[in-house]
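Here's the structure we're looking at; comments come further down.
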Amino acid sequence: MDHSTAAVTHEKGLWDGGASPMGISYGKLMMWFFLMSDAFTFSGLLITYGLVRSSNPAWDPALGEFFFSTAHWPIPEKVFDAIPFFHGVEAPLVFVGFMTFVLIMSSVTMVLAVEAGHRMDRAAVEKWMLWTIIGGLTFLSCQAWEWTHFIVGTDTPTVSEVFNVKTGVWDKINVFGANLHINQYGPPAFADFFFFITGFHGFHVFSGVLLNFLIYYNAVTGLYDRRGHYEMVEKVGLYWHFVDLVWVFVFTFFYLV
Amino acid sequence: MAHKEPEIVVLPPNTEKIKQLWRVALILGIVTGIEFVIAFTLPHGPAKTFLFVILTIVKAGYIVGEFMHLRYEVKVLFWAVLIPMIFVVWMLVAFVYEGTKMIPN
């Protein structure tokens with residue numbers, strides 16, 4: 001034989017297969033990838049909000065006391081200043097602050113469920129998952145009230161000019177509340193973004209509550225004990241924290257800025 | 001026939017870790033409180049917006065780093081998640097800037 005094969009001792013590298021270079025399981029890695037794509041979707045919505053908002057005239061303090069008009073973008077704290085059971089009481093951002101508190105607390109209970117899962121403590125997982133579900137449902141109920149109030153509107157309407165196609169003149173009409181076509185708070189895009197951004201986030205909370213319930217159910221029936229680990233709690237936990245994270249950004253960019 | 005259930009060993013709560021989690025929750029609460037104080041004391045303007053963005057990033061850091069455990073993951077995963085967000089930041093800056101140029105005069 002005129003050729004010989006050199007014995008190459010190939011050290012198997014981290015990326016050559018058989019190992020987890022990212023240091024986490026396949027399922028958790030895929031959850032991270034999904035959350036990345038979801039983050040881009042939410043970024044798209046919030047950035048478009050930023051674009052449209054900055055392309056609309058802001059409120060000019062020289063006009064005196066603030067009033068709603070389609071001519072300028074509203075100051076959010078003037079729009080979101082109501083709380084349930086206290087009709088007519090001005091409490092700017094109090095209710096949305098409460099919603100933020102509820103969601104952050106449910107994130108804490110979720111991470112406590114994950115911690116309990118690491119210890120195979122089924123009773124603690126059940127307890128903390130239940131608290132997380134309650135937190136999510138509380139948030140959704142608050143949002144339902146918030147939307148209702150936003151759609152129905154305040155006691156005094158905003159007078160708005162609407163072009164009448166039949167007569168060809170601008171009619172002055174009283175606008176109460178909001179829909180996708182017209183609203184009493186500001187330019188039509190303001191309510192459109194409110195419905196789309198908080199709606200898309202609310203839908204995430206809703207599906208998160210369903211997933212949390214699934215995890216709770218599986219924990220109660222002992223599936224994870226039989227499986228030998230509680231990793232599903234971690235995966236859904238990642239999703240739930242992400243929902244909380246998005247709310248932090250929505251809270252800042254929609255309600256505060 | 002006797003069905004053998006797997007042996008489950010329940011470990012005691014990791015009090016140190018749980019304390020750390022509550023500490024993070026407290027920090028998130030305090031930062032939100034600061035945001036409220038700023039919302040009602042400072043006049044509207046770029047400085048206020050900038051402060052809000054900084055505080056939001058602080059909160060996001062704690063949620064992703066501690067609650068989502070990213071701070072303790074291997075570096076390659078940490079950066080694989082963080083680096084793509086540069087595009088988001090750039091897109092935000094670019095679009096908001098473009099928006100200010102679109103105001104009809």
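Tell me the angle of helix A:231-250 to the major Cα principal axis of chain A, expressed in degrees between 0 and 90 and rounded to the nearest ten.
Computed tilt is about 30 degrees.
For A:VAL175, list long-range residues whose amide hydrogen, built 1.01 Å from N in the peptide plane, is under 5 Å from its own amide hydrogen.
Residues meeting the criterion, in which the H sits 1.01 Å from N, are A:THR158, A:VAL159, A:SER160.
Mean shadow of the stretch B:17-100, computed from the convex hull of its alpha carbons, in nm²? Please report the intermediate quantities before stating the final value.
On the way: hull surface 26.7 nm².
Hull-based average projected area comes out at 6.7 nm².
In degrees, nearest 10, range 0 to 90: what is the angle between the Cα axis of helix A:94-118 and the longest Cα principal axis of chain A?
Value to nearest ten degrees: 10.
Tilt of helix A:26-54 relative to the longest C-alpha principal axis of chain A, in degrees (0 to 90, nearest 10)?
Once rounded, the angle reads 20 degrees.
Calculate the dipole size of the stretch B:17-100 relative to its Cα centre from +1 charges on Lys and Arg beta carbons and -1 charges on Asp and Glu beta carbons; express the result in debye to the nearest 20. Please list the in-between numbers first.
Working: 7 positive and 4 negative charges, 76 e Å.
Value, rounded to 20: 360 debye.
Per residue, what volume in Å³ does the Cα convex hull of the stretch A:128-251 take up?
On the way: hull volume 14.6 nm³, N = 124.
Taking only Cα atoms, the stretch A:128-251 has a hull volume of 118 Å³ per residue.
Could you please report the charge total around B:HIS44, scoring K, R as +1 and D, E as -1 over all other residues with beta-carbon less than 12 angstrom from its beta-carbon? Could the numbers behind the result be given before it?
Details: positive: A:LYS78, B:LYS48; negative: A:ASP60, A:GLU77.
For residues surrounding B:HIS44, the net value is 0.
With n ≥ 4 as the cut-off for DSSP H runs, can you work out [θ] at 222 nm for chain B, using -39500 (n - 2.57) per run divided by the number of residues, rounded to the nearest 500?
-21500 deg cm²/dmol
Nearest 500 deg cm²/dmol is fine: what mean residue ellipticity at 222 nm does chain A get from its DSSP H runs of n ≥ 4 alone, each adding -39,500 (n - 2.57), divided by its residue count? Let's see the in-between values first.
Working: 8 runs with 142 residues, N = 257.
Per the formula, -18500 deg cm²/dmol.
Nothing charged except the Cβ atoms of Lys and Arg (+1) and of Asp and Glu (-1): what's the magnitude of the dipole of the protein assembly as shown about its Cα centre? Round to the nearest 20 debye.
Working: 21 positive and 28 negative charges, 60 e Å.
Result for the protein assembly as shown is approximately 280 debye, rounded to the nearest 20.
Mind checking Rg over Rh on chain A, alpha carbons, Kirkwood formula for Rh? All intermediate terms of the calculation are to be shown ahead of the outcome.
Details: Rg = 25.4 Å, Rh = 21.6 Å.
Rounded to two decimals, Rg over Rh is 1.17.
Hey, what did chain A get for relative contact order, percent, Cα under 8 Å, at least 6 apart?
Numbers: 279 pairs, mean separation 58.8, N = 257.
In percent, rounded to a whole number, it is 23.
For chain A, modelled as a GNM with alpha-carbon contacts under 10 angstrom, which of A:PHE200, A:PHE163, A:PHE80 fluctuates the most?
Sorting by GNM fluctuation, first place goes to A:PHE163.
Go through A:ILE197, A:VAL111, A:THR70 and say which Cα lies farthest out towards the positive end of the charge dipole of chain A; charges sit on Cβ, +1 for Lys and Arg, -1 for Asp and Glu.
Ranked along the dipole, the leading option is A:VAL111.
Of the residues A:LYS235, A:LYS78, A:LYS12, which exhibits the maximal mean-square fluctuation in a Gaussian network model of chain A defined by a 10 Å Cα contact cut-off?
Top of the fluctuation ranking is A:LYS12.
What's the longest bit of chain A with no exposed GluC sites (Glu not before Pro), using DSSP loop states and at most 13 other Cβ atoms within 10 Å as the test? Numbers along the way, then the final one.
Values: sites that count: A:GLU11, A:GLU65, A:GLU90.
With GluC sites (Glu not before Pro) excluded where exposed in loops, chain A gives A:91-257 as its longest stretch.
If you average the C-alpha positions of the stretch A:83-160 and of the stretch B:16-54 separately, how far apart do those two centres end up, in angstrom?
A separation of 18 Å, based on Cα centres.
In terms of the Cα gyration tensor, with a ≥ b ≥ c the square roots of its eigenvalues, is the stretch A:150-200 rounded because a/c is under 1.5, prolate because a/b exceeds b/c, or oblate? Each step should come with its number before you reach the end.
Working: a/c = 3.26, a/b = 1.67, b/c = 1.95.
Note, shape of the stretch A:150-200 comes out oblate.
Shape of the stretch A:1-124 from its Cα gyration tensor (a ≥ b ≥ c, root eigenvalues): rounded if a/c is under 1.5, otherwise prolate when a/b > b/c, or oblate?
Details: a/c = 6.68, a/b = 2.06, b/c = 3.25.
Oblate is the answer for the stretch A:1-124, as a/c is 1.5 or above yet b/c matches or exceeds a/b.
Springs between alpha-carbon pairs under 10 angstrom, Gaussian network model over chain A: which of A:PRO188, A:PRO84, A:PRO92 fluctuates most?
Top of the fluctuation ranking is A:PRO84.
Readers should treat all values here as calculations from the given coordinates under stated rules, not as data from a laboratory. Nothing here was measured: the structure is a model prediction, and the numbers come from that model. Ideal geometry is used to build each Cβ from the backbone, glycine not excepted, and the neighbour counts take in all protein chains shown.
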